[in-house]
Amino acid sequence: MCGILGITEENEALARKALSIFSYRGPDASVVSARSGVTFGHNRLSIIDLDARANQPMESADGKFSIVFNGEIYNYKELKRELEAKGRSFRTTSDTEVLLVGFQEWGMGMVERLRGMYAFAIHEREADRLTLVTDQSGMKPIFYSSIGEMFAFASELKGVLEMRREKGKMPEVDRNSLDLYWMLGYVPVSRTIYKDIFRMPRRAILTVDLESGKKEQLQYALPAPSANDAKTMQALLEQAVERHLVADVPVGLFFSGGTDSSLIASILAKQGASLEAFSVEIDKRPEDREYFEKIASTLRLKPHRYFFGVNEFDDVYPAVTARIDEPLYDSALFPTYFISREARKRVKVALSGDGGDEYFLGYPQIMRLSRIHDARLDGKMGLLDYLYVMTPRFRGKADLFARLFILAHRPISYYLAAVSPAKDFVTAREWRAAKRTLAEHGTTPTALDADFYLENDILRKTDLATMYNSLEGRLPLLDADVIASAEKMMRRRVPLREKKPLLKEILASYLSRDLVYRGKRGFGLDSHVFFAKSRYLKNDLVAAIDYLNKRDLLPPKALMPHEALIRRRSQMCWQVLSLYHALKNAGV
């Protein structure tokens, strides 16, 4: 797990300066190398093959290829044996070298063989070509931009911003992206909040011809589904968890007592793996404790349990906001950062249950969407859409229209009314932009969370919270074989009578039913409690409103005293703060 960057010119000073900005992604080694018109930089968090010979950037033995790689390839040993059988030799025991040699042997056909999480770039010197690749779910990010004739990429937006700034290209807010941010609480790929800076989507291969500057992007497919029922899916999940234990450093587990983390913990217990477990209890959420303690006792876990209240929030708030470079409204970023910080004191890798809700249908809106799972994702504005945005806010407005959207078979309109943080005060322009985006890139009504929320919110939050603490977060439920089969199987399980039916059926083979079939809330904070008691939030909100208003970046309906904004639109307060800190950190 690391931080990577690259530029299509030989400029070690520029690369080193940008790389230093996100050194926390890889504090074990930082290397910059320039050759043949390309400069690569790499901050290393050593997980597999701790020897310095496995540091990056890494060159092939013949000097024709070089690579920078962020992530882990869990099946690298199997791939290595296959390559050795073809006569290939290796100088290290790293998965990075397996990627590099695999590319020499199979070209981009290598990608379909990978099982892991990854974002990497390979420079082919003879072809004078740069190839960038992202994993099956978008777990590891790549931001990129053309800066004059130079192409630049980095693991974090701030790296690209720094390189643009050094070239005299100051960032400019993209108003179209801003509309999507106010609607969704995040900026969906391939956009960012800035013009001319982009983020690669999941399952993407981007090639850059270094002579002409021409760029071409294509999407690769998931592997063929191999599970057809709960039993075969259970076998896939057990295989995925076992894969995710590959490491030369201590591995732990984020454990909440919910379905996803309990399933991973149950599989670990069956396999005889004993990991340190890290859990957080959020203030005003004592109802989770009973189930957590029962499951932990059943599985004989010895968790490290931490309380997260206002004092803990105030402790981490300055550190998180000082590093934010892409706005994200999800307040769960703060407790996730906190538990990552505590876990890092004892382990270097932590397994997490992210992906279970999105690929196995775990959110409340799924119940209604499953009733219209065959409906077309229509991105056009209809009469109901105009009625919704023109109707003044009243108690129950969103729920009333959500029911009407379901009756009218308008899945995107329903989804926005159910999940948008701006749902009660959105403009027609913002609503239209979000509908169009979801229709263009979504697949089916029940896959909207996997297509958008997972990649743009959940995985961004997890990557930032863990990497800010130099901790590798691993997500077994997003194994390529697992999600390929989940996508196929979930389409058959409609309409739903309960959330997450398949995972619960599997979990019930490990735990008693009373510990499986019950409710569980996420990591989001009670806004009213934290804004009332934090020593930072109110003052920061006042500053944020003023800052954004002066730059004409605040929606008109957010122009109100901060007390009213907290009372009436608490979710939007997190949006305002995150955008404020992201732009302020960038010097916008």
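Structure data summary
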| read-out | value |
| --- | --- |
| Residues located in the range 302-313, provided they are open to solvent by 30 Å² or more (accessible area, probe 1.4 Å) and in contact (Cβ under 8 Å) with a residue 12 or more places away in the chain | K302, P303, H304, R305, Y306, F307, E312 |
| Verdict on Y386 being over 26 Å from L525 (Cα atoms), surrounded by fewer than 22 Cβ atoms within 10 Å (Cβ to Cβ), aromatic (F, W, Y) and free of Cβ contacts under 8 Å to residues at least 60 places away in the same chain | yes |
| The range 472-502, subset among the aliphatic types (A, V, I, L, M) and closer than 15 Å to I458 by Cβ, residue surrounded by the most Cβ atoms within 10 Å (Cβ to Cβ) | L478 |
| Matching strands (runs of 3 or more DSSP E) fully within the range 1-72 where at least 1 residues are modelled with pLDDT under 95 and under 22 Å from the mean Cα position of the chain (by Cα) | 2-7 |
| Looking only at the range 446-464, and only at residues there that are charged (D, E, K, R) and open to solvent by 10 Å² or more (accessible area, probe 1.4 Å), the one that is nearest to R25 (Cα to Cα) | K461 |
| Selected residue (criterion: most open to solvent (accessible area, probe 1.4 Å)) from residues of the range 314-342 that are under 25 Å from G159 (Cβ atoms) and small (G, A, S) | A322 |
| Elements of type helices (runs of 4 or more DSSP H) in the range 500-582, at least 2 residues being touching a residue at least 40 places away in the same chain (Cβ under 8 Å) | 501-507, 513-516, 527-533, 537-550 |
| Selected residue (criterion: farthest from E326 (Cα to Cα)) from residues of the range 195-219 that are in contact (Cβ under 8 Å) with a residue 60 or more places away in the chain and surrounded by fewer than 16 Cβ atoms within 10 Å (Cβ to Cβ) | E211 |
| Yes/no for E105 being more than 24 Å from G159 (Cα to Cα), of a type in the set (D, E, K, R) and in contact (Cβ under 8 Å) with a residue 12 or more places away in the chain | yes |
| Tabulated pairs, the range 58-79, first more than 17 Å from G37 (Cα to Cα) and open to solvent by less than 40 Å² (accessible area, probe 1.4 Å), second at pLDDT below 95 and β-branched (V, I, T), C-beta under 8 angstrom, 6+ apart or interchain | E72/I48; Y76/I48 |
| Residue check, S20 hydroxyl-bearing (S, T, Y) and either in contact with a Ser or Thr (Cβ under 7 Å, 6 or more places away or on another chain) or touching a residue at least 60 places away in the same chain (Cβ under 8 Å) (or both) | no |
| Exclusive hit being open to solvent by 10 Å² or more (accessible area, probe 1.4 Å) and more than 30 Å from Y24 (Cβ to Cβ), set A417, A434, A439 | A439 |
| The one condition in (1) part of a loop (DSSP other than H, G, I, E, B); (2) of a type outside the set (A, V, I, L, M); (3) open to solvent by 10 Å² or more (accessible area, probe 1.4 Å) that P188 fails to fulfil | (3) |
| Options R474, R493; residue that is more than 27 Å from A247 (Cβ to Cβ), in contact with a Leu (Cβ under 9 Å, 6 or more places away or on another chain) and not β-branched (V, I, T) | R493 |
| Check on M108, part of a helix (DSSP H, G or I), farther than 16 Å from D196 by Cα and not hydroxyl-bearing (S, T, Y) | yes |
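Residue-wise test of (1) surrounded by fewer than 16 Cβ atoms within 10 Å (Cβ to Cβ); (2) within 26 Å of E9 (Cβ to Cβ); (3) within 19 Å of the chain's Cα centre (by Cα).
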{"site": "R81", "(1), (2), (3)": "yes, no, no"}
{"site": "T93", "(1), (2), (3)": "no, no, no"}
{"site": "Q104", "(1), (2), (3)": "no, yes, no"}
{"site": "E112", "(1), (2), (3)": "yes, no, no"}
{"site": "T131", "(1), (2), (3)": "no, yes, no"}
{"site": "F151", "(1), (2), (3)": "no, yes, no"}
{"site": "A154", "(1), (2), (3)": "no, yes, yes"}
{"site": "E162", "(1), (2), (3)": "no, yes, no"}
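The values are calculated or read from the model by the stated rules, or taken from the named source; none is laboratory data. Fair warning: this is a prediction, and the values are worked out from it, not measured in the lab. Positions of Cβ are generated from backbone atoms using ideal geometry, with glycine treated the same way; all protein chains shown enter the neighbour counts. Quick note on the areas: whole protein, heavy atoms, side chains included, nothing else; ligands and nucleic acids left out. Shrake-Rupley method; radii C 1.70, N 1.55, O 1.52, S 1.80 Å.
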